[in-house]
Every structure is written in structure tokens, then in C-alpha cells.
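**Student:** My questions will all concern the structure given below.
The values are calculated or read from the model by the stated rules, or taken from the named source; none is laboratory data. All figures in this text were calculated on a predicted structure; none of them were measured in a lab. Note that each Cβ is placed from the backbone with ideal geometry, even for glycine, and that neighbours are counted across all protein chains shown. Note: areas computed on protein heavy atoms with side chains; ligands, DNA, RNA excluded. Shrake-Rupley method; radii C 1.70, N 1.55, O 1.52, S 1.80 Å.
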Amino acid sequence: LFKRFIYVGRDYPLPPPYVRDKAREAILKNKDLTDAREIIEAVKRGRWMVKEIIGVIQLKKYRALKKRYYDDRDADPTGTLAQKAKDEFG
């Protein structure tokens with residue numbers, strides 16, 4: 001699980017030492033678990049965290065791609081729609 005954090009953390013928006021330190025901190029916090037059910041829950045939570053990190057990375061890449069190929073005006077259609085609605089309905 002720690003290796004997954006390290007591997008996925010390479011592309012995380014914050015520097016890799018931040019991800020490594022947070023993963024190490026979380027794993028060391030749970031090092032004294034002895035009950036099998038608690039260990040399984042901790043591993044599930046860790047896997048969920050890896051998936052969340054992957055989601056953040058994908059969002060970062062999507063935003064970079066969108067910024068690269070679209071104008072600011074085109075990049076935020078909800079802002080322009082909100083402004084149109086505000087102008088129209090006061």
C-alpha cells in the first residue's frame with residue numbers, strides 16, 4: 001500500500017515528499033492494530049485514499065488540458081451562463 005502511495009504521489013499537485021510523509025504518518029498511526037477487522041478497514045481506507053489521490057491528479061491534468069486549449073471565456077461556461085442569467089433576471 002505504501003508503494004502505491006509513492007507511485008501515485010509522483011503526479012500529485014504537491015511535491016512527492018509531502019505525499020510520502022502523509023502516507024508514512026497514516027501507516028505508522030495504524031501500526032499497533034491487532035484485530036483483523038480493524039486491519040482490513042485500515043487497508044480499505046488506504047486504498048480509498050489512493051483512489052482519491054488519483055482523482056485529484058486526473059482533475060489537475062484535465063484543468064491543465066482545458067487551460068491549454070480553450071480561452072478563459074470558453075473554459076468556464078457556467079460563469080458566463082450565470083452572468084447572462086444575472087443580467088437578464090436582475
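**Student:** Quick check on this structure: which one of I27, I57 is open to solvent by less than 80 Å² (accessible area, probe 1.4 Å) and either within 14 Å of L1 (Cβ to Cβ) or basic (K, R) (or both)?
**Tutor:** When all the criteria are applied, what remains is I27.
**Student:** Could you list, in sequence order, the residues of the range 22-56 that are assigned to a helix (DSSP H, G or I) and more than 23 Å from the chain's Cα centre (by Cα)? Spell out the reasoning first.
**Tutor:** Taking the range 22-56 as the starting set, the residues that turn out to be assigned to a helix (DSSP H, G or I) are 22-29, 36-56.
Selection gives A36, R37, E38, I39.
**Student:** Just checking, how many residues over the range 1-50 are in contact with a Pro (Cβ under 8 Å, 6 or more places away or on another chain) and in contact (Cβ under 8 Å) with a residue 40 or more places away in the chain? So that I can check it myself, show each step before the final result.
**Tutor:** Going through the range 1-50, the residues in contact with a Pro (Cβ under 8 Å, 6 or more places away or on another chain) turn out to be 6, 9-10.
Now drop any that are not in contact (Cβ under 8 Å) with a residue 40 or more places away in the chain, which leaves 9.
Residues that pass the stated criteria total 1.
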